[in-house]
Structures are given as C-alpha cells and as structure tokens.
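The values are calculated or read from the model by the stated rules, or taken from the named source; none is laboratory data. A quick note: this is a predicted structure, and the numbers were derived from the prediction, not measured. We place every Cβ from the backbone using ideal geometry, glycine too, and count neighbours over all the protein chains shown. Surface areas here come from the heavy atoms of the whole protein model, side chains and all, with no ligands, DNA or RNA. Shrake-Rupley method; radii C 1.70, N 1.55, O 1.52, S 1.80 Å.
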Amino acid sequence: MHLPAAELLLKQFLKASDEVISRIPPQENFILLLNEPKFARSLGSLRLLVQHHLSLLLKHLEGWRVTTHNSLARLPDKTERDRVVVLSKRAAMEVINFETALQLLDLYTDDFLVNVEFVAYYDYLQRNVFRVLLIAEDLFPSDLASLYKVVVAEAARVVGAISRRIALSHVVEPFVTALMDRVNPKKDPSGGKPNYDALRAQIIRLASGMRHVSLSFGSQEAVQEAVSFLVRVHPLNHTASIKKSQIHHALADMLTSILLPLVRSDAPQRAAALLGPPALEKWYSTVMTMRNDITSWMNKHQKHVNDGYPLATTLLCLASDKDYSAHVDTAADFLHKGLKVKENRAVCVRCLMVLACSYLVRYGAHIIKHELHKWLDRVLKPVTQLAKKGGLTIAEQLEVIAPIAELSPEFALQYLILELLTSDVNDCVLAGLRALQALILTAPAVAAASAGSSHHRSASTAGLAQGSYTSAPCNGGGSSGGGANIPSSNSTSG
C-alpha cells in the first residue's frame, strides 16, 4: 500500500472517531454509533495499515489519544450535567482505543516486538487495560452504569486477546500481583485501616476482566503454563480477612468462564493425543485436586452453590478419561438431586447441559449411537421433566437445547424437542417450536458441516486450545455435525 493511500485511510478513521465522540450526549448508547457503517468500515481499514504501515498507524493513534484526552480535559465540568457529558465522551474514547487495539492484536506477529512504536504502544495498553478494570466503576456515576459496563467489557476483550495472541503471562502476572496486593494489603504507614470494601470491589472487577483469557495446549510449555495458572488463581488460596466468600466466588466464576471453552474444544484430550499422555499428567492431577477442594467447599454452605457447582462440573469435564468416566455418572446423579431444591435448579440445569456437551465431545464419534443417546437421555430427562412441569422458562429451555442441537441435532430432535412438543405446558410447546424452526432453517449448514467433518479433523492443530462459546456454555461446532441457531426467548417463531 502506497503512503498517500495509507494516510487517507488514517484520516478517515480519525475523522470517524472524532465524529463518534462529538455525537455522544450523556445518555446515548454509543455502541450504536460504533456500529454505524462509516465507523465500522474505517475501523476495518486499520487492518491494512497494520500490515503495511504499522509505525505510521501507531504514531497517529498515539497522537489522537493525547489530543482527544487534552480536548476533553478542557471541557467545562462545573455542573453535574457537564460532568456526565465529559465522562460519556471519555468512555467513548476508551472504547475506540480498545477497538483499535483488538484490530492490532488480531494481526500480531512476533516481528511487532522489534518495532519501537509498538513496544511503547503495547506497554501503555497493558497498563491502561488493568487501570480501567480497577477504577472504571469509580469513574462513572450510577446513572452511567451502562457506559461502565461497555468500557469494562471492551477491556476484558483486550485482556483475552493479549493472552491469546501474545502471551498468557502478560495478563496473568499483573492480575496475580494486583490480586495478592488486595487480598493481603500492606499496613498503612499512618496507622489507618485499609479500605477492604474498595479493595474487594477491585478484585471482583479484575476477575470479571479476566473472563476471556485463553489457555493454550499446543506445546508442553503451554500446558505447563496453563497448569501454573490454575495453581496461582486457585480460588481457595486467596482468602481475605473480611467477606472472604465474595472473592472466592469471583475467582470461581472467572475460572469457569476461562475453562468452559476448553470443554467444548476438548483441548486437553486433543493435546494428550498430540503430545502424549505424560505431557498432561500434571494438568490432570491439578484439575482433580482443585475439583476435590471446590466440591468440599461448595457443600459447606448454600451460598457457594451458584459458583461452586459450575466450576466443579467444568473441572471434571477437563479430567483424564479415567477420572472422567469414574465420576461423571456420580456428578450427574448429584445434579439430579439438586434439581429438587428450587434455589439450585437453574445452576443444576446449566451444569447438566455442560456434562452432556462434554460427553458428546469426548465420545460422540467413538461409541455407538444407541448407547450415546441412552446416556444423554438419562442425564437430560430430569431436565425435560422439570420443564414439562413448568419449572423452566422458555429461555432456559432454549439454552439447554441450543448447544446439544449443535453437537447432535438428531438427539436434540428426538429426545428434547419432540418431548417438549408433547407437553401440556404452553412454554414447552413454544420452546419446542422455536427450536424445531431453528433446526429446519440450519439443516443445509448441518449437512455441509457433516460433509466437511473429515477435512476438519485433519486440519492443522494450530488452534488446539481455542473454543468458541457464545450465548450458551457449550456453543460451537461439534464432532457430530453443524449447529442449530436456536433463537432466544424474545425471538418470534414465525
């Protein structure tokens, strides 16, 4: 790309960014502005600049950031309305910065680290993303909570991209340091007590910002790094002196979010096949040790259920074949009993769905269909029975069907959808009809995925550790065929 064309693309992007910030009134949802075609096109054009004029791009981005920051600092903030306007515009600036960072990180190569401008840019990005996670909630008043959530969500995406594209350690080290400093704060030299409420809130925000961190299993070194990560962020190893359960819950929820994609991609099992079982021994032992700890902890008090059950289930799904087969039926029975407790139903349903997905991923291509369906029916039948008694909303029913239908459309149709359609409960029938519609509409995609499955299995293992989860914990392509795009509860069934 010639320099004049590059400079033109840069001017278009910076102009579009300025327009977004100038059009941000206090309560406007600026995500709508970011999704406007003009800005979206200019943002996408940065990928060309990353490939051909990285230094030029980085210099202009830094100049725009400094200029915009200084301009916002000069805006009046005497009244509450003035302050809200400034904060809204600053939020938009941060989101634009993070969106550009995601474009850069997506095209990252090791050659970037010899670029002086990139090293400076990346150093600032790392510091800023954790700064935002720590203080964003303090920056925005309660009436701007929607802006805070968007900014933090963007920061979390950047953290995930850094772990996936550059190095896991680049996000783990600052996280663990910040975590330990706040769990065990140093004594104030003046004799004052630490503000434990503020420190705890920061830990919870940091944990939420780590939800998109990606663990790799592409080499023995990557496996060792993943094991080290588990050990260092073990929820029960970080106990605060006041309200310790809140931190335990936040870390357990964080780990569940990070580990769930590995269940769907079956990354540890695939790594064992690629690297050899000995390479995964430490991983498997660490997973089971943590699961035993979490199981004991969650059974001590009802308040631990919502975060303990999902983590214990997810850890089991990442265990060795020996441990998995030895405990999976017991885990299912335990969750079936949990369905009888009204307060635990929702989390038990989600955990049973994760168990079913993991079983499909592990064994779907290796055991006869009849035995596979028999086991899945045993695990999920109490869920459909609960739904037919009016115990699940339409949304909850669809959240169960969607990931199962992606992995095994045949089972979903015969054992879930048709079962709901025969119910006397209107919500069951509506959920069944919407799921059936989705299966019909995605039938061509299912056939295409099945036809290409053999090619997919022989493809490169470069993406070994990556899984894709969207609205449900086990969404993504599966070994048993393509997916059904099950609509949400507010979708129309046609």
(request) Assuming a ≥ b ≥ c are the square roots of the Cα gyration tensor eigenvalues, decide whether the stretch 160-204 counts as rounded (a/c under 1.5), prolate (otherwise, with a/b larger than b/c) or oblate. (result) prolate
(request) Given the peptides 413-422, 333-342, 256-265, 65-74, arrange them by the average over their residues of other C-beta atoms within 10 Å, most packed first. (result) 256-265, 413-422, 333-342, 65-74
(request) Pull out a ≥ b ≥ c, the square roots of the eigenvalues of the alpha-carbon gyration tensor of the chain, then state rounded if a/c is under 1.5, prolate if not and a/b is larger than b/c, and oblate in the remaining case. (result) prolate
(request) Give me the percent of the accessible area of the chain that comes from carbon and sulfur atoms, probe 1.4 Å, all protein chains in place. (result) 54 percent
(message) Sort 32-42, 288-298 by packing, meaning the average of other beta carbons within 10 Å per residue, with the highest value first.
(response) 288-298, 32-42
(request) As a check on your grasp of the helix formula, calculate [θ] at 222 nm for the chain: sum -39500 (n - 2.57) over DSSP H runs of n ≥ 4, divide by the residue count, round to the nearest 500. (result) -23000 deg cm²/dmol
(message) With every protein chain kept in place and ligands, DNA and RNA left out, what is the accessible area per residue of the chain? Probe 1.4 Å, answer in Å².
(response) 47 Å²
(request) List the lysines whose Cα lies under 19 Å from the Cα of Lys389, skipping any in the same chain that are fewer than 8 positions away. (result) Lys337, Lys340, Lys342, Lys381
(request) Sequence neighbours fewer than 8 away in the same chain don't count; with that in mind, list the lysines whose C-alpha is under 22 Å from Lys15. (result) Lys38, Lys59, Lys89
(request) Output the peptides 324-331, 164-171 sorted from most to least packed, where packing is the average of other Cβ atoms within 10 Å over each peptide's residues. (result) 164-171, 324-331
(request) Using a/c under 1.5 as the rounded threshold, could you call the stretch 366-416 rounded, prolate or oblate? The axes a ≥ b ≥ c are square roots of the C-alpha gyration tensor eigenvalues, and prolate needs a/b larger than b/c, oblate otherwise. (result) oblate
